[in-house]
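Some notes on the structure that comes next.
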Amino acid sequence: MSQYFEVHPDNPQPRLLKQAVQLLERGGVLAVPTDSSYALVCHLDDKAAADRLRRMRQVDDKHHLTLLCRDLSELASYAKVDNRQYRLLKLATPGPYTFILEASKEVPRRVSHPSRKTIGLRVPNHTTLLALLELHNAPLLATTLIAPGESDPLNEAGEIRDRFEHDLAGVIDAGACALEATTVIDLTPMGTGGEPVVVRQGRGALEPLGL
């Protein structure tokens, strides 16, 4: 049975989040709310946990996983970012955007895209998730919580626990969150003088980014 953490949406209890961090450190996969939808997260350096996360989603190693970062400076240490890319990232973070960038050496090879050596990165704008990242003191490996065979992300914490109670170490319930995936933007073409490519239009608006 997965543990269930019901936290205050504006002032999440550190005691409960510390318990959730302990589950991550022991190799657990958690379901957490974000500013787009629920996500599955695990420790970046735990191969078994990452494999379990992929099995739950039924995706292979070609599926882009995302690193959830606390801020832009942390994001920049896990990706190769030039000045043009940085300016666009600054406009969009924190927020419901996922950016595909060339992975730095800090990213384990097994979690970056096997042929492109790229990684999805984002800085969420969600009080509970940012508090969890702060206590964890490192990025988390993540993927949108979409059940196998379905197209829409899950959004109700109780339902998530019921459906995945044997696979999840814990579920964090901070109240309702949005029910829309992030906007995904590939910034790698900018590294060779090109323009960003919108891979998926989601919750994040394009107009503030000039796209």
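The values are calculated or read from the model by the stated rules, or taken from the named source; none is laboratory data. If you're wondering where the values come from, they're calculated on a predicted model, not measured in any experiment. Ideal geometry is used to build each Cβ from the backbone, glycine not excepted, and the neighbour counts take in all protein chains shown. The protein model used for the area step is the full one, side chains on, heavy atoms only, and it has no ligands, DNA or RNA in it. Shrake-Rupley method; radii C 1.70, N 1.55, O 1.52, S 1.80 Å.
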Quiz item: Listed residues S104, S77; which is within 24 Å of R200 (Cβ to Cβ), of a type in the set (G, A, S) and surrounded by fewer than 17 Cβ atoms within 10 Å (Cβ to Cβ)?
Solution: S104
Quiz prompt | Those residues of the stretch 35-63 which are part of a loop (DSSP other than H, G, I, E, B), surrounded by fewer than 22 Cβ atoms within 10 Å (Cβ to Cβ) and in contact with a Ser or Thr (Cβ under 8 Å, 6 or more places away or on another chain), in sequence order | solution = V59, K62, H63
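Residue by residue, here is whether (1) charged (D, E, K, R); (2) farther than 22 Å from L121 by Cβ; (3) modelled with pLDDT of 95 or more holds:
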| residue | (1), (2), (3) |
| --- | --- |
| M1 | no, yes, no |
| Q13 | no, yes, yes |
| V21 | no, no, yes |
| V29 | no, no, yes |
| V32 | no, no, yes |
| K47 | yes, no, no |
Quiz item: Among the residues of the stretch 113-132, is any open to solvent by 10 Å² or more (accessible area, probe 1.4 Å), more than 24 Å from H63 (Cα to Cα) and more than 15 Å from the chain's Cα centre (by Cα)?
Solution: no
Quiz prompt | Among the candidates T93, T66, residue that is closer than 30 Å to I160 by Cα, surrounded by 15 or more Cβ atoms within 10 Å (Cβ to Cβ) and in contact with a Gly (Cβ under 6 Å, 6 or more places away or on another chain) | solution = T66
Quiz prompt | Residue check, D173 under 23 Å from C42 (Cβ atoms) and either touching a Leu at 6+ places or on another chain (Cβ under 7 Å) or free of Cβ contacts under 8 Å to residues at least 12 places away in the same chain (or both) | solution = no
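Here are L140, L135: which of them is surrounded by fewer than 20 Cβ atoms within 10 Å (Cβ to Cβ), farther than 12 Å from L187 by Cβ and at pLDDT 95 or above? Steps first, please.
Details: L140 fails: surrounded by fewer than 20 Cβ atoms within 10 Å (Cβ to Cβ).
The conditions single out L135.
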Self-check item: Selection within the stretch 170-211 - among the small types (G, A, S), closer than 17 Å to A20 by Cβ and assigned to a loop (DSSP other than H, G, I, E, B)
Solution: A174, G175
